[in-house]
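Structure, as structure tokens:
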Amino acid sequence: MIQAEQLHARILEELDLSRDIPDEELTELIHRVLDEASGREYIPLGKKAELGRELFNAFRKFDLLQEFLEDDKITEIMINGTENIFLEKEGKLIRSGKRLLSRPQRLFIMCQGNTANRNVPKYTRHLSSPRMFFRKK
């Protein structure tokens, strides 16, 4: 089965990182790569849409953390290494069940928070090694 990581790598191969890529152009590239992948292997429509969102979030937002940042019930996200992502949701601390694939992915999310993401002022970020916190204001 085609993995998001494979698609992410394929998109990176095609991106011209020497310039700013408009969202529309990135979306077209993601759709093209997904169409190519689904030509080689069947991908259900729902899964294809989910992969499209995940890939867009990986390049333009906070990757797998984006869904947590958009959830109004989650007030804090705590990352400890790559294996442990905890959420404070409605006053309770829960483990997310998601994990970062690698230390580079964790560092990429930190860089997104520092540069590419225009929504950063909405969050207080406490970054220290090996932990990273996002607290909604």
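Please count how many residues of the stretch 79-88 are touching a residue at least 24 places away in the same chain (Cβ under 8 Å) and either under 13 Å from Leu64 (Cα atoms) or touching a Ser or Thr at 6+ places or on another chain (Cβ under 9 Å) (or both).
Number of matching residues: 2.
Starting from the stretch 89-110, keep only residues that are more than 12 Å from Ala58 (Cα to Cα) and of a type outside the set (Phe, Trp, Tyr), then list their pairs with residues that are exposed (fewer than 12 other Cβ atoms within 10 Å of the Cβ) and at pLDDT below 90 whose Cβ atoms are within a distance under 6 Å, requiring at least 6 positions of separation or different chains.
Pairs found: Arg99/Glu83.
Given the criteria surrounded by fewer than 13 Cβ atoms within 10 Å (Cβ to Cβ) and touching a residue at least 12 places away in the same chain (Cβ under 8 Å), does Asp23 qualify?
yes
Give the residue that is nearest to Arg99 (Cα to Cα), with candidates limited to residues of the stretch 6-61 that are basic (Lys, Arg) and part of a helix (DSSP H, G or I).
Among those residues, the one meeting the criterion is Arg53.
Of the residues that sit in the stretch 73-87 and are part of a loop (DSSP other than H, G, I, E, B) and of a type outside the set (S, T, N, Q), which one is modelled with the lowest pLDDT?
Step by step, filter the stretch 73-87, then rank; the result is Gly81.
Residues to consider are Leu93, Leu65; find the one that is modelled with pLDDT of 90 or more and either touching a strand residue (DSSP E or B) at 6+ places or on another chain (Cβ under 8 Å) or among the β-branched types (Val, Ile, Thr) (or both).
That would be Leu93, the only listed residue that is modelled with pLDDT of 90 or more and either touching a strand residue (DSSP E or B) at 6+ places or on another chain (Cβ under 8 Å) or among the β-branched types (Val, Ile, Thr) (or both).
Check off (1) crowded, with 17+ Cβ neighbours inside 10 Å; (2) at pLDDT 70 or above; (3) over 17 Å from Glu5 (Cβ atoms) for Phe134 and give me the number that stays unchecked.
Result: Phe134 fails condition (2) only.
Whether any residue in the stretch 3-12 is under 30 Å from Phe86 (Cβ atoms), out of contact with any Pro (no Cβ under 6 Å at 6 or more places or on another chain), polar (S, T, N, Q) and surrounded by fewer than 17 Cβ atoms within 10 Å (Cβ to Cβ) is what I want to check.
yes
Being modelled with pLDDT of 85 or more and touching a helix residue (DSSP H, G or I) at 6+ places or on another chain (Cβ under 7 Å) narrows it down to one of Gly46, Gly39, Gly52, so name that one.
Gly52
Looking only at the stretch 74-88, count how many residues are of a type in the set (Ser, Thr, Tyr) and either surrounded by 17 or more Cβ atoms within 10 Å (Cβ to Cβ) or within 16 Å of Asp63 (Cα to Cα) (or both).
So the answer is 1.
What residue, among those in the stretch 26-60 that are surrounded by 12 or more Cβ atoms within 10 Å (Cβ to Cβ) and touching a residue at least 40 places away in the same chain (Cβ under 8 Å), is farthest from the chain's Cα centre (by Cα)?
Ile43
The values are calculated or read from the model by the stated rules, or taken from the named source; none is laboratory data. None of the values given here were measured: they were computed from a predicted structure. FYI the Cβ positions are ideal-geometry reconstructions off the backbone, even for glycines, and counts take in every protein chain you see.
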